[in-house]
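The values are calculated or read from the model by the stated rules, or taken from the named source; none is laboratory data. Keep in mind it's a predicted model, so treat the numbers as computed, not measured. Every residue, glycine as well, gets a Cβ built from its backbone with ideal geometry; the counts of neighbours run over all protein chains shown.
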Amino acid sequence: MRKYEVMYILNSSIEDEKRAELIDSIHAIITDNGGEILKVDEWGMREYAYEINHMTRGYYVVTTYKAGHDAVAEFDRLMRINQSVVRYMNISLEEE
């Protein structure tokens, strides 16, 4: 398993309770596929540098995790189709 970091931005119109459930479900994608969440850092609501999809704010979350290739592929697939995720970037923290 490799170590990864993902930063994702959630739609600002999501209520606090629903946002917490969404974050848990996003992290469950990793753990259900054999990965391990190492650290979660919620940056909170921030202004965008430029408008995205007619929005100017979003809720930022940075998560560090360990996972295999299959878990990362499934995570990427599900993040792309989730309408509540405005943007995300997944990077590997280890050299090959």
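Give me the residue from the range 20-51 that is surrounded by 14 or more Cβ atoms within 10 Å (Cβ to Cβ), more than 16 Å from Lys66 (Cα to Cα) and hydrophobic (A, V, I, L, M, F, W, C) and, out of that set, nearest to the chain's Cα centre (by Cα).
Looking at residues that are surrounded by 14 or more Cβ atoms within 10 Å (Cβ to Cβ), more than 16 Å from Lys66 (Cα to Cα) and hydrophobic (A, V, I, L, M, F, W, C), I get Ile23.
Which residues, taken from the range 20-45, are among the charged types (D, E, K, R) and either over 15 Å from Met1 (Cβ atoms) or in contact (Cβ under 8 Å) with a residue 12 or more places away in the chain (or both)? First the steps, then the outcome.
Looking only at the range 20-45, we keep the residues that are among the charged types (D, E, K, R), and these are 21, 24, 32, 36, 39, 41-42.
Listed by number, the residues that qualify are Glu21, Asp24, Glu36, Lys39, Asp41, Glu42.
List, please: which pairs have Cβ atoms under 7 Å, are six or more places apart or on different chains, and start with a residue in the range 59-80 that is more than 14 Å from Arg2 (Cα to Cα) and in a strand (DSSP E or B) and end with one that is modelled with pLDDT under 95 and small (Gly, Ala, Ser)?
Correct list of pairs: Tyr59/Ser12; Tyr59/Gly44; Tyr60/Gly44.
Every residue in the range 21-58 that is outside any strand (DSSP E or B) and either among the charged types (D, E, K, R) or out of contact with any helix residue (DSSP H, G or I) (no Cβ under 8 Å at 6 or more places or on another chain) (or both), please. Full working, then the answer.
Narrowing the range 21-58 to residues outside any strand (DSSP E or B): 21-35, 53-54.
Selection gives Glu21, Leu22, Ile23, Asp24, Ser25, His27, Ala28, Thr31, Asp32, Asn53, His54.
Restricting attention to the range 56-66, does a residue exist that is of a type outside the set (Ser, Thr, Tyr) and over 13 Å from the mean Cα position of the chain (by Cα)?
yes
Can you tell me which residue within the range 81-96, out of those that are assigned to a loop (DSSP other than H, G, I, E, B) and either in contact with a Lys or Arg (Cβ under 8 Å, 6 or more places away or on another chain) or not polar (S, T, N, Q) (or both), is nearest to Trp43 (Cα to Cα)? Before you say what the answer is, go through the steps one by one.
Step one: list which residues in the range 81-96 are assigned to a loop (DSSP other than H, G, I, E, B), which gives 82-84, 93-96.
Adding the requirement that they be either in contact with a Lys or Arg (Cβ under 8 Å, 6 or more places away or on another chain) or not polar (S, T, N, Q) (or both) leaves 93-96.
Values: Leu93: 20, Glu94: 24, Glu95: 27, Glu96: 29 Å.
That would be Leu93.
I'd like the full set of residues that are buried (at least 16 other Cβ atoms within 10 Å of the Cβ) and not β-branched (Val, Ile, Thr), limited to the range 58-83. Break it down into steps so the answer makes sense when it comes.
Initial filter on the range 58-83 (buried (at least 16 other Cβ atoms within 10 Å of the Cβ)): 58-61, 63, 65-67, 71-72, 74-75, 79, 82.
Correct list: Gly58, Tyr59, Tyr60, Tyr65, Lys66, Ala67, Ala71, Glu74, Phe75, Met79, Asn82.
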